[in-house]
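The values are calculated or read from the model by the stated rules, or taken from the named source; none is laboratory data. None of these values were measured; they are calculated from a predicted model. Using ideal geometry, Cβ is built from the backbone for each residue, glycine included, and neighbour counts are taken over all protein chains shown. Calculation scope for accessible area: heavy atoms of the full protein, side chains included, ligands and nucleic acids excluded. Shrake-Rupley method; radii C 1.70, N 1.55, O 1.52, S 1.80 Å.
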Amino acid sequence: MQSKREGAVIFSGIEKYAGIKQALEMGRKEVLSEVRDSGLRGRGGAGFPAGVKWNLVAAAQSEKKFVVCNADEGEPGTFKDRIILTEYPGLMFEGMIIAAFVSGAEKGFLYLRGEYKSFLPLLNRVLGQMRKDGVLGKNILGKKGFNFDIEIRLGSGAYVCGEETGLIESLEGNRGEPRNRPPFPVNTGYNGFPTVLNNVETFINIPHIVKKGAEWFKSFGTEKSAGTKLLSVSGDCKNPGVYEVEYGITIKELLKIAGATEVKAVSAGASGECISVSQFNRKICFEDFSTGGSLIVFGKNRTMIDVAENFLKFFKDESCGQCTPCREGIPVLLEGLILIKKGECPKDYLDDLFSLSETMQLASKCGLGQSSPNPFVSIINNFKSEYKLSKIAKKEKVFNG
Amino acid sequence: MDNSKEFGRDTSRAPISQRKQEFTEVEKGSIGGTITVTIDDMEVNVPMGTTILEAAKKVNVKIPTLCQHDDLCLAGVCRVCVVEVDKERTLQASCSYPIFNPIKVKTYSPQVRRARRNIIQLLLKNHYGDCYSCARNNNCELQALAKEYGVTSYKFGHIDKPRYEKDESSYAVVRDMNKCVLCRRCVRTCIDLQEVGVLEALDRGSKTKIGTYLDMPLNDVICINCGQCINRCPTGALKAKDPAEEVWKAIEDPNKHVIIQTAPSPRAAMGEEFGLKPGTSVTKKLNTAIKRVGFDKVFDTNFTADLTIMEEGTELLMRLKSVLVDKDESVKLPLFTSCSPGWVKFIEHFYPDRLNHLSTAKSPQQMFGAIVKTWYAKKNNVDPKKIVSVSLMPCSAKKFECERPEMNASGFKDVDYALTTRELAGMIKECGIDLPNLPESNFDDPLGIGSGAGLVFAATGGVMEAAIRTVYEIVTGKEVPFDGLRVTPVRGMDGIRKADLPINSALSQWKFLEGVVLKVMVGHGTANAKKIMDMLCEGKLNDYHFIEIMACPGGCLGGGGQPIPTTPKIREARAMAVYAEDEGLPYRKSHENPIVKQIYKEFLTEGPCGHLSHKLLHTAYLKRGKWIGKPRNKKYPKG
């Protein structure tokens, strides 16, 4: 089957249900080792090896297991999952079905971000067709005892529900707040049961890997980052859109594809990490410049301090409010940024803010809190010419006595 | 086994991953069930799954905490307890990190100390209010942390005006969210420990705050006033409504006759406010202190506890007769105790259709109030109008109980002010009275004699024990068949306790009880009350006769007005003090209390549950339901 889009792996052609059929032929063990050998890493941002995750769930002893697909795409500047959800939903569901086959789960959830509510009719139609085709439901494709179905649950627009344990809390009907880890979802996930939880983009890779083999998959990308990455390119460029690129591509090459000239900065890392021209030779991959999937281009007329302010304002609203470093730290960074913008921030206070950023990165409860200072730290470090520090020492409210 | 942990696990509705952690056999079994870890270069062997925090305690390393509490499920939200764990990329919250590998932990590396200092600075940033005007000054965990971590300035600034309005709508609990540090102990207390669920985090990000349903005032929601949240709040964000100023005014007014009744559990805990170790009973020293403060009379609530036993015990026997002999289906068993105002409000909200199981007897506090303004006033020739009736209670819900409009059968408000242990301690301290070193003195006559049975009301199971001591003897003419009158099956700290008491050789008047096995049950904490009520609704308690419920974990001695902090160990120590005091009292059974005998002879001449008793000592309840919003009955106080 021809693909509408061009791409080496995700957008490469594959017959409908070829992955599932192949998986059933191979058997659980072989699928598991194929996924493991492929070196596929989670595409949500953290990059945890999918094979290891699946193996842990498959090995867990439990009366129930679950497969959950994280479609709560909310990272600033990402819109790549919506392409999969609207153009390739069947293939993504296939990935979930294969995960269920391998792990022994009988129930799956697609956790769809609230803002993508309009995709519901389409996605349900696809699921309905898959049930008709016998790839969902009881005894899938005639395989006795292989029962699996998928339910779509809607989020309500909280960014933090993209964090896997926050997502599970939300799925269970609680406030979307990340849990303590350990225990991890692989043994204590949805309702306390072992749960395979992967990103939309991770799942869509699966049918390709199963059908075409780990070796084929590994022929793309770099040594530690096999395969390709979907990038949502936006900002000051001629050709914004979603691109499938091989891991290892440099920022420079990417900007060429995007048709971006006179670029001052690019935000591409986790939670809005921004780099300047001097770093444009860096490669998109887990070992160098790891990204969740957004690439925002900032042209020469952009003020980077404003960019940082925009990111921090977003995080200030979207922190779940649970842990101190993230909840209280982001407003402090934001206030500090305003001082910097006004040229009123002294050097020693900036040091305090960097110390605070370190604390937030190290001591926040979840990955989102840990990466929330990234735009601040990267912009202040990489764009020193954009601000001036104050020479006057900061006045602190000192206690008497 | 630590009871509290069981308690928490039983009742927790927290997400599974955040409950007290349980582990699979495989996890426990590996390496013989224990593991050796290195904490600050010291090796310590601990059971698999122990948290770093617990392991550190074993080698005398104190890791600071804020959101962690021994009674509550894990949270790991304040991040004050972070430590460095080798092989982990980030710092880990030691309170919620279970040990399964031979890790190396550093609890005060430069990175850790920097993080802690920064986090404490962040907590202080939005903590509005001055320490010296705070109810928790010198007993505040945030203040202690600030001192321990050398806070000399507000590094990241400090809020200079309040963000929230104080919620003083409730008769019992005052909420000042400007002081809140969002540790969520109150949320976990209300949802998990008590299963009331009034408090939750609202909004998110920097706007997060703790609030009620739709952020309504506390008196408009289904708060039961138990005050357990107050006892677990690390700061002064939650406190009881303090009537000390009004009490001072009454004391200063020469035309007022100010009496105070002291409940048994504050007497077992008051010492803690003066630096004595938990479990030191100060009953008689407290009498001296109270007189020095300026109260005209100090009386013993144990007296009306005994009276409660006479009334409630009689009610039980009457109900038994109606059910067993008359087969009257309108009369309900099991009978539930009604001494705990938190529990009463809980059942009014959550099980309004089961109020007919609740004893109509007022609580000892209210009975006392009614007796003081009638019998006592008459006997001592005091105008009841001039009497200011104060009570020393372990409880915040008692404040609400005072305000219930039906509590004025004598024509006057039964009890005017309920002071908590903490509040009276404040009054005593203000007078410079050195409580631990005072001479002892007795209660005043005539309401100063209470039995040991009345005294043990302080602990969970106490009302049951007192009732059994009396009812058994009334029915059989013999003492309860327990060594030293210690009804041990109903003692202890298990959440729900059951006992069977076979009745043999009943006296002729009670022949219908011959051979009956009296089945009783005791529950404490409203989470356990909920379990018991659910059993009742499922028809599983049809063979039970009498059930004691106290709203607070541990019973009254763990009440919302007691000294802070509270832990399972502290509550156990208080219970021990109460039981020890009981052993030494001249009267151990309610029906032997000479004042009780006298009052039924002189005043309540129709006997327990007689006409006058019903008027003064019994009450009725309100089907509140879980209606939130505009009260349906405007006359009735909402909170």
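Miscellaneous remarks
- FRET efficiency for residue B:256 and residue B:602, using Cβ-Cβ distance with R0 set to 30 Å, rounded to 0.05: 0.70
- Residue B:576 - accessible surface, heavy atoms, 1.4 Å probe, Å² rounded to 10: 120 Å²
- Restraint check, B:327/B:626; A:16/A:256; A:256/A:388; B:399/B:623, Cα-Cα greater than 22 Å: B:327/B:626; A:16/A:256; A:256/A:388
- Percentage of interatomic Cα-Cα distances in region A:18-218 larger than 27 Å: 22 percent
- Pairs of Lys residues in region B:121-240, spaced 8 or more positions apart or belonging to different chains, with C-alpha separations under 22 angstrom: 24 in total.
- Counting only heavy atoms of the protein chains and using a 1.4 Å probe, residue A:316 has close to 70 Å² of accessible surface.
- With a 1.4 Å probe rolled over the protein heavy atoms of all chains, the accessible area of B:267, A:153, B:113 falls in the order B:113, A:153, B:267, largest first.
- Solvent-accessible area lost in complex, 10 Å² minimum, residues of region B:104-148 relative to chain alone, 1.4 Å: B:111, B:114, B:115, B:118, B:119, B:122, B:123, B:125, B:126
- Rolling a 1.4 angstrom probe over the protein assembly as shown with all protein chains present gives an accessible area of which 50% lies on carbon and sulfur atoms.
- Charge-dipole axis of region B:196-292 as Lys and Arg at +1 and Asp and Glu at -1 on Cβ define it, positive-most pick from B:274, B:257, B:211: B:274
- Listed by chain and number, the aspartates and glutamates whose C-alpha is less than 17 Å from the C-alpha of residue A:138, apart from same-chain residues fewer than 8 away, are A:94, A:106, A:149, A:151.
- Kirkwood hydrodynamic radius (C-alpha pairs) into Stokes-Einstein, chain A, 10 °C and 1.306 mPa s, D in µm²/s: 72 µm²/s
- Between the C-alpha center of region B:151-207 and that of region B:238-278 there is a gap of 27 Å.
- Sorting B:117, B:491 on solvent-accessible area from highest to lowest, probe radius 1.4 Å, gives B:117, B:491.
- Student exercise, region A:228-299 dipole from Lys, Arg, Asp, Glu Cβ charges, in Debye to nearest 20: 140 debye
- Over region A:304-386, the fraction of Cα-Cα pairs per 10 Å bin, rounded to whole percents and listed from the shortest bin up, is 20, 57, 22, 1.
- Full-extension gain in nm, residue B:164 to residue B:620, via 0.36 nm per residue minus C-alpha separation: 160.4 nm
- Subtracting the Cα-Cα distance of residue B:144 and residue B:503 from 0.36 nm times their residue separation leaves 123.7 nm of extension gain.
- Each of A:40, B:102, A:276 was scored by the projection of its Cα onto the charge dipole of the protein assembly as shown, and the greatest displacement toward the positive side belongs to A:276; charges sit on the C-beta of Lys, Arg, Asp and Glu.
- Sites residue A:59 and residue B:87, calculated FRET efficiency, Cβ-Cβ separation with R0 22 Å, nearest 0.05: 0.50
- Across the protein assembly as shown the C-alpha pair distances fall into 10 Å bins from zero in the proportions 2, 10, 17, 19, 17, 14, 10, 7, 3, 1, 0 percent.
- Of the residues A:148, A:228, A:196, the one whose Cα sits farthest toward the positive end of the charge dipole of region A:148-247, with +1 on the Cβ of Lys and Arg and -1 on the Cβ of Asp and Glu, is A:228.
- One decimal place: the segment residue A:253-residue A:138 gains 36.6 nm when fully extended, by the rule 0.36 nm per residue minus the C-alpha distance.
- For region A:337-371, a drop of 50 Å² or more in accessible area on going from the chain alone to the assembled protein chains (1.4 Å probe) is found at A:358, A:359, A:362, A:363.
- Per the Kirkwood formula applied to alpha carbons, region A:228-299 shows a radius of gyration over Rh ratio, Rg over Rh, of 0.90.
- Considering all different alpha carbon pairs of region A:105-177, the Kirkwood hydrodynamic radius works out to 13.4 Å.
- Note on chain B: the C-alpha convex hull projects to 30.2 nm² when averaged across all orientations.
- In range of the label at residue B:325: residues from region B:504-527 whose backbone nitrogen is under 19 Å from the point 7 Å along Cα→Cβ: B:504-519
- Residue list for region A:248-276, given a label point 7 angstrom along the Cα-to-Cβ vector of residue A:306 and an amide N cut-off under 17 Å: A:263-267
- Helices of chain B meeting both criteria, an alpha-carbon length of 18 angstrom or more along the long axis and an average Kyte-Doolittle score not below 0.0, with helices taken as full DSSP H segments, are B:301-324, B:462-476.
- Cross-link partners of residue B:601 among lysines (Cα-Cα below 19 Å; sequence separation of 8 or more within a chain): B:373, B:378, B:379, B:589, B:615
- Gaussian network model of chain A, Cα within-10 Å springs - most flexible of A:76, A:183, A:194: A:183
- Charging the Cβ of each Asp and Glu at -1 and of each Lys and Arg at +1, and nothing else, the dipole of region B:121-240 about its Cα centre rounds to 420 debye.
- When the Cα convex hull of region B:350-434 is projected onto planes of every orientation, the mean area is 7.5 nm².
- Interface size, chains B and A: roughly 3800 Å² of accessible area buried, both sides included, 1.4 Å probe, rounded to the nearest 100.
- These residues, A:26, B:521, go from largest to smallest accessible area, 1.4 Å probe, as A:26, B:521.
- Counting DSSP beta bridges with both ends in region B:438-552, the antiparallel % (nearest 5): 60 percent
- Principal axis box of region B:418-489, alpha-carbon based, largest edge first, Å: 51, 26, 24
- For the protein assembly as shown, a simple Cβ point-charge model (Lys and Arg +1, Asp and Glu -1, everything else neutral) yields a dipole of about 1500 debye relative to the Cα centre.
- Positive contributions from Lys and Arg (+1) and negative ones from Asp and Glu (-1), summed over other residues with Cβ under 14 Å from the Cβ of residue B:613, come out at -3.
- Complex-versus-alone comparison for region B:188-217, residues with a loss of 10 Å² or more in accessible area, probe 1.4 Å: B:200, B:201, B:203, B:204, B:205, B:206, B:207, B:208
- Per residue, the protein assembly as shown exposes an accessible area of 38 Å² to a 1.4 Å probe, with every protein chain left in place.
- Here the sum of -39500 (n - 2.57) over DSSP H runs of 4 or more residues, divided by the residues of the protein assembly as shown, equals -10500 deg cm²/dmol at 222 nm, to the nearest 500.
- Within straight-line cross-link reach of residue A:252, lysines at Cα separation under 20 Å, skipping those fewer than 8 residues along the same chain: A:229, A:238, A:264, A:283, A:300
- Relative contact order (%) - criterion: Cα under 8 Å, at least six apart; region: chain A: 17 percent
- Debye intensity ratio in log₁₀ form over the Cα atoms of region B:121-240, taken at each q of 0.13, 0.18, 0.19, 0.20 Å⁻¹: -0.50, -0.95, -1.05, -1.16
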